[in-house]
Amino acid sequence: MLGLAAMSAGAQEAAARRDARDRGRRASAAFFEEVFQRSLNDSPIFKAQLGIKDADYGKWNNFSDAEAQRQDALQQAGHRAPAFGIQGTTASLTR
């Protein structure tokens, strides 16, 4: 009887860990989807590179000072800059 209770408790712990892991994965996926969609919306060039032909097709990214200030304000407010595309990214070629 005690063995069944212990297995049940162990099974409950395993189920709780799986649920927590699944919630974390869903939250991560939602975050990365949001960042990706924001990157698409901010960069017509990135859309074209992906082969997306919509109303922005053939347009350039906004390279104005006002756009740079807008992205800076988003970063200062705690939002992340677009992770993809040209604007608001930093890359290092060294390891």
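What follows is calculated from the coordinates using simple rules that are stated; it is not laboratory data. Quick caveat, the model's predicted, so the values are computed rather than measured. No Cβ is skipped: glycine too gets one built from the backbone with ideal geometry, and neighbour counts run over all protein chains shown.
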Close pairs (8 angstrom Cβ cut-off, 6 or more residues apart or separate chains): free of Cβ contacts under 8 Å to residues at least 40 places away in the same chain in the stretch 46-57, exposed (fewer than 12 other Cβ atoms within 10 Å of the Cβ) anywhere: Lys47/Asp54; Lys47/Tyr57; Ala48/Tyr57; Ala48/Gly58
Asp54 being surrounded by 12 or more Cβ atoms within 10 Å (Cβ to Cβ) and within 26 Å of Gln71 (Cα to Cα): no
Total residues in the stretch 45-77, condition assigned to a helix (DSSP H, G or I) and not aliphatic (A, V, I, L, M): 11
